[in-house]
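Notes follow once the structure below has been shown.
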Amino acid sequence: MTDVGTNGEAAETRVEVGIPRMPAPDYPADVRERLEADAREIIGRYPDSRSALLPLLHLVQSEEGHVTRTGQRFCAEMLDLTTAEVNAVATFYTMYRRKPSGDYQVGVCTNTLCAVMGGDAIHDSLKEHLGVADGETTGDGKVTLEHIECNAACDFAPVVMVNWEFFDNQTPESARQLVDDLRAGREVSPTRGAPLCTFKETARILAGFPDERREAVHASGPAGPASLEGLRLARGETGPPRVVAPRGETEEPGEGA
Amino acid sequence: MMTTDSPEKLLAPVLSAHWDEADAYTLAGYRRHEGYQGLRKALAMDPDDVIAYVKDAGLRGRGGAGFPTGMKWQFIPQGDELPHYLVVNADESEPGTCKDIPLLFANPHSLIEGIVIACHAIRSGHAFIYLRGEVVPVLRRLHEAVREAYEAGYLGKDALGPGKDLELTVHAGAGAYICGEETALLDSLEGRRGQPRLRPPFPAVAGLYACPTVVNNVESIASVPALMNKGKEWFRTMGSEKSPGFTLYSLSGHVARPGQYEAPLGVTLRQLLDMSGGMRPGRRLKFWTPGGSSTPMLTDEHLDVPLDYEGVGGAGSMLGTKALQCFDETTCVVRAVTRWTEFYAHESCGKCTPCREGTYWLVQLLHDIEKGAAGPSDLDKLADIADNINGKSFCALGDGAAAPIFSSLQYFREEYERHLAGRGCPFDPAAATAWAARPAGSSRGVTA
């Protein structure tokens, strides 16, 4: 692999020989100033500054879309760590991207339950439809396809996450429509979560800065339908058993993706 | 049919009682149903009395191990000069587990109220919610709920009484299953790679920043407000002597109605399936997990096992997270176990050799077995490697990796052998999908 980053720097996967790389370049002064203010706010939330490292890595990811050497240097300087210490942490966690990726990260759950319920078929279908392998980005820079582990939504299987918002009860057809909509720039709303923002904007929320869209917190209601199954039964609302197969066709218009 | 009890009698929505109300997740919606009344009662009590009360109620941890919550609080040394911390484990990542995420999405204030009560009890001035990062809709609601709680004075200056402030920090993780292990979580929260710590010292003595720390699961803490408000006697009217109270059961997989079912501890899978329409039409239960992939799988022989700590333990498994993943006869157990094992290999943190190396070799062997390329002795080798991980790893991730292998070999060894004899998998994965055609002639779901 010889992926090359936006700054022309070699991606982490490339084996290098010879002299060590020069230190990463700093951010431009205005960017640095803005990020420093954010970083100080984050650091202030913790009794020990190093606890801010994970949020800071989300923060630098919100700036560039992935964790660059420049971002790691910034984290190190803000927390008085070495870049090696920051790199050790950044490479441990799967949510930190190590190369440029798309505006929309489409993650298909292929842990056992979702895989069996159709996640494997959805993942295969998207690879073929998008013409990319797992972990790759479409040529227009819009969609990065990934398989993900269990995302705590097994009662909505098979599940697809886009920028870590829930698209429940997916089928290969609904998932292909979803990525087509994302690539065409149409507004896409998850079954649970808020209308999609870009990956960078999502990373800023993860850094601990609440979504600036005030209404976003209310989007998609209090709970998904599966979350309410037991409650409805407990209230004596029995009704006919829900038809499970094919589940995608039983959804109310507007309810599904 | 084992029972004719109606769902109204068998279920007990407490945490989920108002999830269908449009503003359930807001402070106003929460207060409308006696929200923050448990806190009022707790703050009127001496901290030690709150600990004793929760202990007497018998509340046990809902995150997997089932350790008594009040006892965990009691281990915090008192009268020391160190800060105390409460850390809520919201890193819900155990395959099959999907209870804390809907709970936090629909009812985040139950957790926040529980946090304030717990901090009063253990004399803590700073709590953290360590939420897995991959659930942004929940993070959004937690940010807002915490903001509301600060504004209302439940958090912040003098929240626990004059001169007793309480800070609550919502911390998003970054994708690592191992951070659900409490000491790995603490390392992660300190800004390090999430790797488990050697115990002792236990977190109650030297946890976050080497200070006394309680780490509790979301559901455990969220259960405290109702317990305080309605009383320990009420709490003990549900469940059994050793496993009292209510809990969230998460039904998923090839069932007619997957979802959250809140019930007294001790309900059975047969009761849950009977009331909810059973398996999908024309299919039968083949195997299931009582509490996520790390709890040994069970079969249709175990439909009447009481789903409480003792009952599931007696059946050779663990209650775990009450993640009832149900698979019907279209599912290849070798495929299921292989995928879980790939997960454990991916998530092994690398700290200890049995788990790091063992899970890698398990995956290689299982790939060969699944495609029928392994030899007859490889099943024994599989069990042997699992045995070298189980109980010999640094933390419970290794035990979890071994559980699906041991239990599937126990119940389905013949299916492994069919893969070898037939030189491949005899199952059609298309038949197991959610959109697969139902078998001819079927109308209603059957349980077993």
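The values are calculated or read from the model by the stated rules, or taken from the named source; none is laboratory data. Values in this document were obtained by computation on a predicted structure and should not be read as measured data. FYI the Cβ positions are ideal-geometry reconstructions off the backbone, even for glycines, and counts take in every protein chain you see.
Only one of the numbered conditions (1) within 11 Å of chain A (Cβ to nearest Cβ); (2) surrounded by fewer than 24 Cβ atoms within 10 Å (Cβ to Cβ); (3) of a type in the set (D, E, K, R) is violated by residue B:300, and that is (1). Considering only residues in region A:198-212 that are out of contact with any strand residue (DSSP E or B) (no Cβ under 9 Å at 6 or more places or on another chain) and outside any helix (DSSP H, G or I), the one that is farthest from the other protein chains (Cβ to nearest Cβ) turns out to be A:212. Consider region B:8-46 and keep the residues that are small (Gly, Ala, Ser), away from chain A (no Cβ under 12 Å) and buried (at least 16 other Cβ atoms within 10 Å of the Cβ). The one that is farthest from the chain's Cα centre (by Cα) is B:42.
Among residues that are within 23 Å of residue B:241 (Cα to Cα) and either assigned to a helix (DSSP H, G or I) or out of contact with any Cys (no Cβ under 8 Å at 6 or more places or on another chain) (or both), residue B:30 is not included.
Here residue A:106 meets each of (1) part of a strand (DSSP E or B); (2) at the interface with another protein chain (Cβ under 10 Å from one of its Cβ atoms) with one exception, condition (2). A count restricted to region B:81-122 and to residues that are farther than 18 Å from residue B:153 by Cβ, away from chain A (no Cβ under 14 Å) and touching a Pro at 6+ places or on another chain (Cβ under 6 Å) stands at 1.
Just the residues that are out of contact with any Ser or Thr (no Cβ under 9 Å at 6 or more places or on another chain), charged (D, E, K, R), surrounded by 10 or more Cβ atoms within 10 Å (Cβ to Cβ) and modelled with pLDDT of 95 or more, please, taken from region A:12-37.
Hits for region A:12-37 are A:32, A:33, A:34, A:36.
Based on what the data block shows, is residue A:116 closer than 19 Å to residue B:186 by Cα, at the interface with chain B (Cβ under 10 Å from one of its Cβ atoms) and not in a loop (DSSP other than H, G, I, E, B)? Taking the combined requirement at face value, the residue does not satisfy it. Kindly provide the set of residues from region A:119-145 that are outside any helix (DSSP H, G or I) and either surrounded by 23 or more Cβ atoms within 10 Å (Cβ to Cβ) or among the aliphatic types (A, V, I, L, M) (or both), ordered by number. Answer for region A:119-145, where residues must be outside any helix (DSSP H, G or I) and either surrounded by 23 or more Cβ atoms within 10 Å (Cβ to Cβ) or among the aliphatic types (A, V, I, L, M) (or both): A:132, A:133, A:143, A:144, A:145. Across region A:33-60, the number of residues qualifying as polar (S, T, N, Q) and either more than 7 Å from every other protein chain (Cβ to nearest Cβ) or not in a helix (DSSP H, G or I) (or both) comes to 1. Residue A:64 versus (1) away from chain B (no Cβ under 11 Å); (2) closer than 25 Å to residue B:126 by Cα: which is the lone unmet condition? Of the numbered conditions (1) away from chain B (no Cβ under 11 Å); (2) closer than 25 Å to residue B:126 by Cα, the odd one out for residue A:64 is (2). In region A:64-107, the residue that is nearest to the chain's Cα centre (by Cα) out of those that are closer than 17 Å to residue A:31 by Cβ and of a type in the set (A, V, I, L, M) is A:67. On the basis of being outside any strand (DSSP E or B), out of contact with any strand residue (DSSP E or B) (no Cβ under 9 Å at 6 or more places or on another chain) and either in contact (Cβ under 8 Å) with a residue 12 or more places away in the chain or of a type outside the set (A, V, I, L, M, F, W, C) (or both), does residue B:38 make the cut? So residue B:38 passes the test. Against the list (1) outside any loop (DSSP other than H, G, I, E, B); (2) surrounded by fewer than 19 Cβ atoms within 10 Å (Cβ to Cβ), the condition residue B:366 fails is (2).
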